[in-house]
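Asks: First, the structure itself, so that you have it in front of you.
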Amino acid sequence: MALKDVLLDELRDMYSAENQLVKALPKLAKGAKDATLKQLFKDHLEETKGQVLRLKEVFGHLGEKPTGQHCNGMEGVIEEGADALEKDEEGPSFDSGIVGAALRTEHYEIAGYEACIAMAKTLRLSAVVALLTENLNEELATAKKVKAAGMPLMQAAAKQPEEPKKPKSGKEKYSAKKSKEDEKKAAPDLK
């Protein structure tokens, strides 16, 4: 497979990821309790819409269509964000969980854009590199803002008293079971 084909696969993955985020970010904004975090998600939604348009422009430069691939990785990261919204936590602890999910999302996007930029540079696609770099810079800035907004929340959450353990939900039991399976599968390779 030619490098350009690999780049197209990666770009379609990013296009799917950004489109999924256009749907997920309003839910994070609605679910966040902290006003700064709420506004950050609303602002990033507008940036994300711009990133989708830039990616369409990238595909225009390449003479290709942007659709054709679903980003399973982003789907999983978004699911973790949805899980954070369902937690029983309150106040700053609740929002701290959302911060963690948001940072994972941003870093997933950062990794994707860095890979695409490296391939586009290798292929000497300067216009593509410029557009992708704009998206990357927005993701880097958003990750910084999320972390900055999260620090006071985490500091406040650290002062909250620990609560007695509650019985696990069905989803939490399933997740714990899968975690044990993951550990068991990895154990032979860790010796």
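Asks: Suppose we keep only residues that are out of contact with any Asp or Glu (no Cβ under 6 Å at 6 or more places or on another chain) and crowded, with 19+ Cβ neighbours inside 10 Å within the stretch 137-154. Which one would you say is nearest to S93 (Cα to Cα)?
Replies: G150
Asks: Now for a different question. Filter the stretch 157-174 down to the residues that are in a helix (DSSP H, G or I) and not aliphatic (A, V, I, L, M) and list them by number.
Replies: Result: G170, K171, E172, K173, Y174.
Asks: Further question on the same structure: Which residue out of G150, G112, G97 is part of a helix (DSSP H, G or I) and within 13 Å of the chain's Cα centre (by Cα)?
Replies: Just a single option satisfies the conditions, and that option is G112.
Asks: Here is a check on your reading of the model: is T133 surrounded by 12 or more Cβ atoms within 10 Å (Cβ to Cβ), under 20 Å from D43 (Cα atoms) and free of Cβ contacts under 8 Å to residues at least 24 places away in the same chain? Full working, then the answer.
Replies: Values: surrounded by 12 or more Cβ atoms within 10 Å (Cβ to Cβ): yes; under 20 Å from D43 (Cα atoms): yes; free of Cβ contacts under 8 Å to residues at least 24 places away in the same chain: yes.
The answer is yes for T133.
Asks: Now a separate question. Got a sec? Which of T67, T105 is surrounded by fewer than 16 Cβ atoms within 10 Å (Cβ to Cβ), over 21 Å from L123 (Cβ atoms) and hydroxyl-bearing (S, T, Y)?
Replies: Of the residues listed, the single one that is surrounded by fewer than 16 Cβ atoms within 10 Å (Cβ to Cβ), over 21 Å from L123 (Cβ atoms) and hydroxyl-bearing (S, T, Y) is T67.
Asks: List pairs: first in the stretch 166-177 and free of Cβ contacts under 8 Å to residues at least 60 places away in the same chain, second assigned to a loop (DSSP other than H, G, I, E, B), Cβ under 8 Å, 6+ apart or cross-chain?
Replies: A176/K168
Asks: Would it be correct to say that T36 is under 12 Å from the mean Cα position of the chain (by Cα), under 18 Å from V99 (Cα atoms) and of a type in the set (S, T, N, Q)?
Replies: Numbers: under 12 Å from the mean Cα position of the chain (by Cα): no; under 18 Å from V99 (Cα atoms): yes; of a type in the set (S, T, N, Q): yes.
The answer is no for T36.
Asks: While we're looking at this one, here's another question. Identify all residues within the stretch 155-188 that are under 26 Å from D34 (Cα atoms), exposed (fewer than 11 other Cβ atoms within 10 Å of the Cβ) and of a type in the set (G, A, S); write none if there are none.
Replies: Residue satisfying the conditions is A158 alone.
Read-outs throughout are calculated quantities, based only on the coordinates presented, and are distinct from any laboratory measurement. Everything quoted here is computed from the prediction, not taken from an experiment. All Cβ positions, even for glycine, are placed from backbone atoms using ideal geometry, and neighbour counts span all protein chains on display.
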